[in-house]
Amino acid sequence: MKRRDFLTRFMAATGALTLGMGCKRRADQSATETDRFTLTAGTGKTITEPARNIPVLAETDVLVVGGGPAGSAAAIAAARTGAETYLVERYNHLGGLWTGGLVLPLLSTHGVDREKRRRQVIFGIGGEMAQRLADMGMAIHEINPVIDPEAGKYVLDDMIDDAGVKMLYHTMAVNAIMQNNTVRGVFIESKSGRMAILAKVVIDCTGDGDVFHWAGEDYDVMKYHIGLVHRLGNIDRIDTGNPDYKPLRLGEPTPIPGVNWVNMGGEREQDGLDVENLSRLQLQYRRNIWESVEKIKRNPGHEQVFLLDTASQLGVRMSRIMEGEYKLTLEDSMTYKSFDDVIGVSGAWTTMLFNGRRIPEEERPMWQIPYRSLLPKKTDNLLVAGRCFCFERELTEDTRSVGSCLITGHAAGTAAAISVLDRENVRNINIKKLQDLLVDQDVWLG
């Protein structure tokens, strides 16, 4: 178990932490020693930061931390269900790796049912997003559609705004506010300084499990390959008639003619929680991409191909995985396991090894996700959605997909709103009521 940071414990009764609306800095030069930073000696240097009053920016029903597919769906669902909702996002856009990371396919929209029929499983808010993009001509393919990232950002912005979500861009959550084992909100940092947001329910959609880490939950840390996606332009201007032309692997088509997206596996066994490592990879990958495109342009017929952009987000595929109330397994996903507390169904997009046999994508079963897998074991007022909810490592390829994130986010947002409106702990909400509401919101439960 990770030790809680005592500075984040919300202990109003003892005055250990004051959440006031004022935040003043001393102007005089006669500050006492306790008002100054203290630097320890030795090789493992630390700095003790003086205590200060942190202004409360807002008190809300539901606070969603992270605006990727899970966070966007969670915020929309919570607001539509009737809860006042804030969404905190560190970048200038929604969609996370789906849009800013240029990981454009909406995986996995389909799975095989018990009658061996391949069918669509992603509906609800995720299905609504996909349909809107298709209607705009900004998505291609019926199965696992590939979207245009800028159109995706626009659609998510529009849906968030229409639902009445209170949006905070350019804002990082930096710690949890705890009262015993209950999360009461988070501290945030932005150009406006350090502030606090208090909430009745917090949903961790950070992808890296930052909130449940700060809250002191147990978790697994998974090192994985980290990459960087980019897009190429002028693919439609390649001169295949050049006598020296030879075809090259140039990624996959997007809804924009002449534009391809190019995935990168990247270095394996990388720590997505190490900022120095992330910085090293970022520098290395952007250089590698530029040099690879210059090499492409030197091939006959490819002279007009150019680097359109590199993703604004490094492709961290996996980091923390929460130890929740129920750990979803690969066997669950391969055997049509049913759950009384099912909150959605996801599909499969790649070949997986199971019981010594390789199961191809077109044979992979659809699989249910239980509500218990979104619940941390120890922390109250907290739900977890996205790629860091509770599952075993062998299921990583499917649980980290955009579709699964949309499903868990939609369910978490609806559950959070029920918790607030019924004044009930998220652990004890009426599951039948949650399922009925999800069905009313066009979610398919299998």
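The values are calculated or read from the model by the stated rules, or taken from the named source; none is laboratory data. Note that the structure is a prediction, hence the values are computed from the model and not measured. Here the Cβ positions follow ideal geometry from the backbone for every residue, glycine too, while neighbour counts run over all protein chains shown.
Scanning region 407-446 for residues that are outside any helix (DSSP H, G or I) and in contact (Cβ under 8 Å) with a residue 24 or more places away in the chain returns Asn425, Gln441, Asp442, Val443, Trp444, Leu445, Gly446.
For every residue, the table says whether it meets (1) in a strand (DSSP E or B); (2) not small (Gly, Ala, Ser).
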| site | (1), (2) |
| --- | --- |
| Asn92 | no, yes |
| Leu102 | no, yes |
| Gly111 | yes, no |
| Arg119 | yes, yes |
| Ile122 | no, yes |
| Gly126 | no, no |
| Ala134 | no, no |
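For the residues Tyr91, Tyr154, the requirement of being touching a Ser or Thr at 6+ places or on another chain (Cβ under 8 Å) and either surrounded by 24 or more Cβ atoms within 10 Å (Cβ to Cβ) or farther than 30 Å from Lys433 by Cα (or both) singles out Tyr91.
Restricting attention to region 251-279, the residues being touching a helix residue (DSSP H, G or I) at 6+ places or on another chain (Cβ under 7 Å), surrounded by fewer than 16 Cβ atoms within 10 Å (Cβ to Cβ) and either in the same structural domain as Cys388 (by TED's automatic domain parsing) or closer than 21 Å to Val146 by Cα (or both) number 1. Please go through region 324-355 and pick out each residue that is among the charged types (D, E, K, R) and not in a loop (DSSP other than H, G, I, E, B). Passing the criteria: Glu331, Asp332. Of all residue pairs spaced 6 or more apart or on separate chains, those with beta-carbon atoms under 7 Å, a first member in region 166-181 that is over 17 Å from Ala75 (Cβ atoms) and in a strand (DSSP E or B) and a second member that is modelled with pLDDT of 95 or more and among the aromatic types (Phe, Trp, Tyr) are Val174/Phe187; Asn175/Phe187; Asn175/Trp214; Ala176/Trp214; Ile177/Phe187. Output yes when any residue across region 150-165 is farther than 21 Å from Ile122 by Cβ, under 17 Å from the mean Cα position of the chain (by Cα) and not in a helix (DSSP H, G or I), and no when none is. Checked region 150-165: no residue is farther than 21 Å from Ile122 by Cβ, under 17 Å from the mean Cα position of the chain (by Cα) and not in a helix (DSSP H, G or I). Only residues that are of a type in the set (Val, Ile, Thr) and farther than 25 Å from Phe354 by Cα were counted in region 374-421, giving 5.
Mind checking which residues of region 209-237 are of a type outside the set (Lys, Arg), surrounded by fewer than 21 Cβ atoms within 10 Å (Cβ to Cβ) and assigned to a loop (DSSP other than H, G, I, E, B)? Within region 209-237, Gly216, Asp218, Met222, Asn234 qualify. Annotation: Arg372 fulfils all but one of (1) touching a Gly at 6+ places or on another chain (Cβ under 9 Å); (2) within 19 Å of Met318 (Cα to Cα); (3) not β-branched (Val, Ile, Thr); the unmet one is (2).
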